[in-house]
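Asks: Following this message is one structure expressed as structure tokens.
The values are calculated or read from the model by the stated rules, or taken from the named source; none is laboratory data. No experiment lies behind these values; they were computed from the predicted model shown. Cβ sites come from the backbone with ideal geometry, for glycine too, and all protein chains shown count toward neighbours.
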Amino acid sequence: MSSLAARLDDIRMRMARAALRSGRDDVGMVAVTKSVPTAIIAEAIGLGLSIFGENRVREARLKIEALPTVEWHFIGRLQTNKVKDVVGRFKLIHSLDRWRLAEALQQEAQAKNLQVSVLIQVNLGGESQKGGVSPTELADFLAATTDLPRLRVEGLMAIPPYSVDPEESRPYFREMFRLFYNCRMSGREMKILSMGMSNDFEVAIEEGANLIRVGSLLFDREKYSQEE
């Protein structure tokens, strides 16, 4: 068994156990492939992974051209001048974090006669270095997106303040699930709650995440850089 296969098996086992603790079995994973060579991504596809996340447009374009049959998500902060390169290439954009970006996505999707699927990023910790809509503004922001018919809001995404102890993230994940639930109860068709990464995905799943993002725990980026 390759080291990648062994790491993936461990992650899947931990995901399954966390889902069982929460009484669910609907959790998916985005494999974060920043700086990961295409050959390694191809190996991951062979191991059954089908959703990959990138946050740098130039690097992502080359990988998407090489591996066009899998599902690609854009997971980084998206600058408005990069919208034209993202719309039509990625199945889901995780980081709709401001109204100006929403308008730019609408305009580009209209020009290409496409629908663009997005997650609204919520800034749970009020951190100035992170993008995101504040929890208190979420309902109004979501309601306003109905005026942008090319945008399909599929759900919410959040990255809580980093802590070495995953339990420190639990209150943020719990609050995020509350926001997600309230959006659904208001009549919005919200399917995806994306939260949890390599250091805290089990807690995120326990608190309601149905999509996690795992990179450093899965891929040995230091090894790949040494081999190049």
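Asks: Among the listed residues Glu127, Glu154, which satisfies the condition of being part of a loop (DSSP other than H, G, I, E, B), farther than 25 Å from Arg17 by Cβ and within 19 Å of the chain's Cα centre (by Cα)?
Replies: Within the list Glu127, Glu154, the selection yields Glu127.
Asks: From Ala31, Ala18, grab the single residue that is among the small types (Gly, Ala, Ser), farther than 24 Å from Gly132 by Cα and at pLDDT 95 or above.
Replies: Ala18
Asks: Take the stretch 12-66 and flag every residue that is touching a strand residue (DSSP E or B) at 6+ places or on another chain (Cβ under 7 Å), of a type in the set (D, E, K, R) and under 21 Å from Phe201 (Cα atoms).
Replies: Of everything in the stretch 12-66, those that are touching a strand residue (DSSP E or B) at 6+ places or on another chain (Cβ under 7 Å), of a type in the set (D, E, K, R) and under 21 Å from Phe201 (Cα atoms) turn out to be Lys34, Glu54.
Asks: When you go through (1) part of a loop (DSSP other than H, G, I, E, B); (2) in contact with a helix residue (DSSP H, G or I) (Cβ under 9 Å, 6 or more places away or on another chain); (3) more than 21 Å from Asp25 (Cβ to Cβ) one by one for Gly196, which number turns out not to apply?
Replies: Condition (3) is where Gly196 drops out.
Asks: Same structure again: Applying the selection to the stretch 75-112, what residues are in a loop (DSSP other than H, G, I, E, B), under 25 Å from Met197 (Cα atoms) and free of Cβ contacts under 8 Å to residues at least 60 places away in the same chain?
Replies: Result: Gly76, Arg77, Leu78, Gln79, Val87, Arg89, Phe90, Lys91, Asp97, Arg98.
Asks: Then there's this: Is it the case that Ile41 is touching a Ser or Thr at 6+ places or on another chain (Cβ under 7 Å), buried (at least 17 other Cβ atoms within 10 Å of the Cβ) and part of a helix (DSSP H, G or I)?
Replies: yes
Asks: Within the stretch 161-190, how many residues are more than 22 Å from Ala102 (Cα to Cα) and either in a helix (DSSP H, G or I) or under 18 Å from the mean Cα position of the chain (by Cα) (or both)?
Replies: Looking only at that region, the number is 16.
Asks: Now, a different point. What's the total number of residues in the stretch 57-74 that are surrounded by 14 or more Cβ atoms within 10 Å (Cβ to Cβ) and in a loop (DSSP other than H, G, I, E, B)?
Replies: Total satisfying the criteria: 2.
Asks: Answer yes if at least one residue in the stretch 174-188 is at pLDDT 95 or above, surrounded by 22 or more Cβ atoms within 10 Å (Cβ to Cβ), in contact with a Gly (Cβ under 9 Å, 6 or more places away or on another chain) and farther than 25 Å from Ala5 by Cβ, and no otherwise.
Replies: Within the stretch 174-188, one or more residues are at pLDDT 95 or above, surrounded by 22 or more Cβ atoms within 10 Å (Cβ to Cβ), in contact with a Gly (Cβ under 9 Å, 6 or more places away or on another chain) and farther than 25 Å from Ala5 by Cβ.
Asks: Next question, about the same structure. Hey, Lys191 hits all of (1) within 17 Å of Gln121 (Cβ to Cβ); (2) in contact with a Leu (Cβ under 6 Å, 6 or more places away or on another chain); (3) of a type outside the set (Phe, Trp, Tyr) but one; which does it fall short on?
Replies: (2)
Asks: Among what's in the stretch 113-124 and is in contact (Cβ under 8 Å) with a residue 24 or more places away in the chain and part of a loop (DSSP other than H, G, I, E, B), pick the residue that is farthest from Ile212 (Cα to Cα).
Replies: Leu114
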